[in-house]
Structure formats: structure tokens, C-alpha cells
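Below you'll find the structure, written out as C-alpha cells, and then a few comments.
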Amino acid sequence: MDREPISNGVIPAVVGEVVTGEPFVVSREDVERFESGTWIDRAYPEGDVPEFPEDLVEGFHLLALVDPVLQFALGDNRGGMWGLNYGLDKVRFISQVHVGDSIVPTFETLAVEPKDGGFKVLRRCTFTIEGSERPAMVADWWGYQLPRGIVEASRRL
């Protein structure tokens, strides 16, 4: 879908918009890098808990992918804006994701609120295993979008 580049004037109009990204796969190597980078491999040095499926992708691994997967879905459509993570309202890991599953990401803009020359944007981020009706993860995620060259109020002196 061709969309107008995101800018301060366009952001309020994107409420209700749903962007679907390209399906992606988490590999065994991705899981190992995530476990190393988040110290899971240190917290459980003897390996996985026996009840934990060996090929299961951690829920927090999926959550960590929300920002880059959204950027891939938006492509070059960011215009003159930049953003910060502002927080999460609700996250649920509903269905298991296993290494090699094809995951379809969707991002629905739920709300836009003005804030200090930019906007807080609430998106519902849903990751679903291709072919499944039930989502694997749903996260309501706030971003803070600002025009390039503007910093958030807390950094202004």
C-alpha cells in the first residue's frame, strides 16, 4: 500500500490504519544470540528447564523484535520523523512460537496524542504464526514521534 510519508501533519490521520509486515522466521542462531545477549544462558547454565520445549522462541525475544519489524513494515515511509520507545500498556504471549515458524506481523494504530511538538502513538502489535487464527503475541506499544532536529523535552536544557 502506498501511503503518504509520515510527518507531524499526517500522524493524527493514521488512527485506525493497519500495516502488515512481511512474514519473518526466527532461527536457532537468532535464539542463541538472544539468550546470550539477555543472559538467559547465564541464568540457566545447565540448559533449558526440562519442561521448556527446546525450539521455543522466548516471548521477550518476540517483544524485542517489535521495533525493527515495524521499521521494516514502514519502509522509507518515515518522512522527517524519528521516534523513541515510550512504554507498553499490555503484552500477552498467547500461542507458542517455535524456531522456523513463519510469523506475520500486523500493526494497528489505536491512538495518537500530541506531546511537546510531537506525538505519542499507540500501536497494537500482533504477531501471528502464518496459517493460525490465534495470535502468538499481542502488545500495545506507545512510541513517541518527533520531527527530525527536535529532541524530547527531558533532554532540553
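Laboratory data are not the source of any read-out in this text; all were calculated from the coordinates shown. Just so you know, these numbers come straight off a predicted model, no measurement behind them. Here the Cβ positions follow ideal geometry from the backbone for every residue, glycine too, while neighbour counts run over all protein chains shown.
Key figures
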item	result
Contour minus Cα-Cα distance for Ala43 and Val151 (0.36 nm per residue)	35.2 nm
Fewest-first ranking of Ile103, Ile94, Ile40, using other Cβ atoms within 10 Å as the exposure measure	Ile94, Ile40, Ile103
Per-residue ³J(HN,Hα) for region 58-74, Karplus 6.51 cos²θ - 1.76 cosθ + 1.60, θ = phi - 60°, Hz, x for Gly and Pro	4, x, 5, 5, 4, 4, 5, 8, 4, 4, x, 5, 5, 4, 4, 5, 6
Residues whose placed amide H lies under 5 Å from that of Ile129, excluding near-sequence neighbours	Val104, Ala136
Distance between region 94-151 and region 37-63 - C-alpha centres, whole angstrom	23 Å
Largest-first principal axis extents of the Cα set of the chain (Å)	52, 41, 25
Paramagnetic label zone (point 7 Å from Cα along Cα-to-C-beta, Gln96; backbone N under 18 Å) in region 22-62	26-28, 31-32, 47-62
Sequence ranges 113-121, 126-134, 139-147, ranked by mean other-Cβ count within 10 angstrom, highest first	139-147, 113-121, 126-134
Region 119-136 - phi-based ³J(HN,Hα) in whole Hz, Karplus 6.51/-1.76/1.60, Gly and Pro as x	9, 8, 10, 9, 10, 8, 9, 10, 10, 10, 5, 3, x, 9, 7, 8, x, 8
Amide H contacts of Asp101 (H built 1.01 Å from N, under 5 Å, at least 5 apart or other chain)	Val26
222 nm mean residue ellipticity, helices alone, for the chain (DSSP H n ≥ 4; -39,500 (n - 2.57); rounded to 500)	-4500 deg cm²/dmol
